[in-house]
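Visitor: Take a look at the following structure, please.
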Amino acid sequence: MDFQFTEEQIQIRDAAKDFAENEIAPSSVERDVTCEFPTDIIAKLGELGFMGMMVSPEWGGAGLDTVSYVLAMEEISKVDASVGVIMSVNNSLVCFGLEKWGTPEQKEKYLKPLAMGQKLGAFCLSEPEAGSDATNQKTVAEKDGDYYILNGMKNWITNGTKADYYLIQVQTDKSKGYKGITTFIVEKTLEGFEIGKKEDKLGIRSSDTCSIGLNNVRVHKDNILGEEGLGFRIAMETLNGGRIGIASQALGIASASLEAAIKYSKERKAFDKPISELQAIQFKLADMAVNVETARLLILQAALKKDAHEKYAKEAAQAKLYASRVAVNNALEAIQIHGGYGYVREYLVERYLRDAKITEIYEGTSEIQKIVIARELLKD
Ligand code: CAA
C-alpha cells in the first residue's frame, strides 16, 4: 500500500478542512439543539464539488478518487458528523449506483443535478421489519403496462424529508426472494409518495431521518436502475462503498475527540499541574491516538482497493467495524478526561459520543460487518 498522498488529494483535504472550520463550525452547536437541516451548507458543498466527488465530470461530478473522498469526509465529520452523513449518503449511496448502473438518460436527468449538488438523494433499503435482515423486503411493485405500482414503507431514511430523488429497493417478484428485488429511481413529487415524521434522534441531530410511505406510487419502467431483479446486488455493492464513507465519518469523530482531549488536558490543572502531565491521562491519549491512526490505515486500505477496482467488501466492513468502535471509545475517553465538564453541552465531547453511536448501527451494524468479514474469510 502506498500512502503518499498526491498534491490533489492534499488540496482536497485542506479545502474540506477549511470549509468545515469556517463555514460549518459556526452553526454546528446550534443546529445540534434545533435539529435544523444545514440547507445552505449543503448547497455550498455542492458548488464546491463535494456532493458528487467520485462522479465523472461528464456527469457533473468532481472526478476524484475514493482516497480524496475519505480525506474530505473525515475533515467535514470532524467538525460536524451530521453534515458528514448527508454528504456521504449523496455521494456513496446515491451517485455511485446511478453512475454504475444508470442509463445515459437516467444519468443526465438524475445523476447530473445530484452530483452538482443542485438536488439531494436518499437511499431506501430498510423497512420496519427489514434492517439487518435486508433480504426480507415487504415493499412491493406490481406491473401495470409500462408502469409499476409501488406500495410499502421504508424506514430510517437519511435525507428523507429533504431529498428530491430516492433509490428505492422493491420486491417485484416474491417467488425469486432477494433475486426478485428491483431498484427504482423515484421522484418525491409523485402522487402517493408520503414523507413520514422526522425522527428525534440521540445524535447527528441536524441530519434528517424519516420513514417514507409508498401508496400506489406509479413509476415508469424507465426508472428501473440496472434491470429487474438486480436491486439486492445494487444495494449490497452500494453499501460496500457507503461503509467506507461511514468509517471516515467515524474517524472524523474519533479524531475530534482526541484533539479536544489533548487541548483540555493541557488547560485543566489538578494536583498543581496540567492533567496532561498525569500518566493516567497520557495513557488514555496514547490509546486514543493509536485508535485514530489504525482506523485511518484500515480506511485507506479499503479506499485504495476500491480505486484499484479490486474487491473491497471485507476491507470496507473491517474499516467500518473498527472506526465506529474507535469513535465511541474515543468520545467516551474524551468525556472521562473532561470529567464533569465532559457531561454538559458547554464542551463538544458529549455531542461526539451521541454522534458516534449511530456509526455502529447504520449502513450495517457492527454485527453485520462481522458477518461480511467472516463470510469473506471462509470463502473457498
Ligand atoms: N457485497 C456484495 N454482495 C453481497 C454482500 C456484500 N457486502 N453481502 C451479501 N452479498 C450478496 C451475496 O453474495 C448474495 O448474492 P449471491 O447469492 O448472488 O452470491 C446475496 O447478497 C445475498 O446474500 P446472503 O445469502 O449472504 O444473504 P443473507 O440474508 O444471509 O445476508 C446480509 C445478507 C449480509 C446480512 C445483508 O442483508 C446485509 O448486508 N444486511 C445489512 C443491511 C444494511 O447494511 N442496511 C443498512 C441500511 S442503509 C442505511 O443505513 C442508509 C442510511 O440512510 C444511512
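The values are calculated or read from the model by the stated rules, or taken from the named source; none is laboratory data. Please read all numbers here as calculations on a predicted model, not as lab measurements. Glycine also receives a Cβ, built like all others from the backbone with ideal geometry; neighbour counts cover every protein chain displayed. When the accessible area is computed, the model is the full protein with side chains, heavy atoms only, and any ligands, DNA or RNA have been set aside. Shrake-Rupley method; radii C 1.70, N 1.55, O 1.52, S 1.80 Å.
Visitor: At a probe radius of 1.4 Å, what is the per-residue accessible area of ASP272, in Å² to the nearest 10?
Guide: Roll a 1.4 Å probe over it and ASP272 shows about 150 Å².
Visitor: From the cross-link list LYS78/LYS263; LYS100/LYS143; LYS17/LYS306; LYS44/LYS119, which pairs have alpha carbons spaced over 20 Å apart? Working shown, then result.
Guide: Numbers: LYS78/LYS263 15 Å; LYS100/LYS143 25 Å; LYS17/LYS306 24 Å; LYS44/LYS119 12 Å.
Correct reply: LYS100/LYS143; LYS17/LYS306.
Visitor: Next up: Which order do peptides 212-219, 357-364 fall in by mean Cβ count within 10 Å, highest first? Each step should come with its number before you reach the end.
Guide: Details: 212-219: 18.9, 357-364: 23.5.
Final packing ranking: 357-364, 212-219.
Visitor: Listed here are the pairs LYS162/LYS305; LYS221/LYS311; LYS179/LYS221; LYS154/LYS379; which of them are more than 21 Å apart at the Cα?
Guide: Values: LYS162/LYS305 33 Å; LYS221/LYS311 31 Å; LYS179/LYS221 18 Å; LYS154/LYS379 32 Å.
From the list (LYS162/LYS305; LYS221/LYS311; LYS179/LYS221; LYS154/LYS379), the Cα-Cα distance tops 21 Å for LYS162/LYS305; LYS221/LYS311; LYS154/LYS379.
Visitor: When the C-alpha atoms of the chain are aligned to their principal axes, what extent does each axis show, in angstrom, from largest down?
Guide: Dimensions of the chain along the principal axes of its Cα atoms: 80, 47, 37 Å.
Visitor: Related question: Within segment 209-315, report the GluC sites (Glu not before Pro) that DSSP leaves as loop and that have at most 11 other Cβ atoms within 10 Å.
Guide: GLU227, GLU310
Visitor: Would you work out if segment 190-233 is rounded, prolate or oblate? Take a ≥ b ≥ c from the square roots of the eigenvalues of the alpha-carbon gyration tensor; rounded if a/c is under 1.5, else prolate when a/b is larger than b/c, oblate otherwise.
Guide: Judged from the Cα gyration tensor, segment 190-233 comes out oblate (a/c at least 1.5, b/c at or above a/b).
Visitor: Can you spot the aspartates and glutamates whose alpha carbon is less than 15 Å from LYS314's alpha carbon? Ignore those fewer than 8 places along the same chain.
Guide: Once the sequence-local aspartates and glutamates are set aside, what remains near LYS314 is GLU237, GLU363, GLU367, GLU376, ASP380.
Visitor: Measure nothing but the geometry: give the 0 to 90° angle between the long axis through the Cα atoms of 279-307 and the longest principal axis through the Cα atoms of the chain, rounded to 10°.
Guide: Around 30 degrees separate the two axes.
Visitor: How tilted is helix 66-79 with respect to the longest principal axis of the chain? Cα atoms for both, answer in degrees (0 to 90, nearest 10).
Guide: Helix 66-79 sits roughly 60 degrees off the main axis of the chain.
Visitor: Given points 7 Å out from each Cα along the Cα-Cβ axis, report the THR6 to VAL29 separation in nanometres with one decimal.
Guide: Distance between the two pseudo-spin positions: 4.0 nm.
Visitor: Something else now. What's the FRET efficiency of THR103 with GLU191 using the Cβ-Cβ distance as r and R₀ = 30 Å, to the nearest 0.05?
Guide: Calculated transfer efficiency: 0.80.
Visitor: Quick one: length gained pulling ASP146 to GLU36 fully straight, 0.36 nm per residue minus the C-alpha distance? Could the numbers behind the result be given before it?
Guide: On the way: separation 110, 0.36 × 110 = 39.60 nm, distance 3.98 nm.
Here the answer is 35.6 nm.
Visitor: Let me ask something additional. Suppose R0 equals 56 Å. What FRET efficiency, 1/(1 + (r/R0)^6) with r the Cβ-Cβ distance, do GLN118 and PHE283 give to the nearest 0.05?
Guide: It comes out at approximately 0.70.
Visitor: Still on this model: Suppose we look only past 13 Å in the calculated P(r) of segment 132-196. What percent of the Cα-Cα pairs does that tail hold? Display every interim value, and only then the final one.
Guide: Details: 1365 of 2080 pairs.
Result for the distance tail: 66 percent.
Visitor: Next up: Is any residue of segment 88-115 close enough, with backbone N under 15 Å, to a label point placed 7 angstrom from the Cα of GLU58 along the Cα-Cβ axis, and if so, which?
Guide: Once the point is set 7 Å along Cα→Cβ of GLU58, 98-109, 111-112 turn out to lie under 15 Å by backbone N, inside segment 88-115.
Visitor: Right, another one. Out of ALA327, ALA319, ALA289, any idea which swings most in a Gaussian network model of the chain, alpha carbons joined below 10 Å?
Guide: Comparing ALA327, ALA319, ALA289 in the GNM, the peak value goes to ALA289.
Visitor: In whole Å, what three semi-axes, largest first, describe the equivalent ellipsoid of segment 195-337 built from its Cα gyration tensor (square root of 5 times each eigenvalue)?
Guide: On the way: eigenvalues 332, 90, 14 Å².
Equivalent-ellipsoid dimensions as semi-axes: 41, 21, 9 Å.
Visitor: Roll a 1.4 angstrom probe over the protein heavy atoms and tell me the percent of accessible area of the chain that is carbon or sulfur. Each step should come with its number before you reach the end.
Guide: On the way: 8700 of 16970 Å².
After summing per-atom areas, the C and S share lands at 51 percent.
Visitor: Would you kindly calculate the mean projected area, averaged across all directions, of the convex hull enclosing the Cα atoms of segment 122-231, in square nanometres?
Guide: Result: a mean projected hull area of 6.6 nm².
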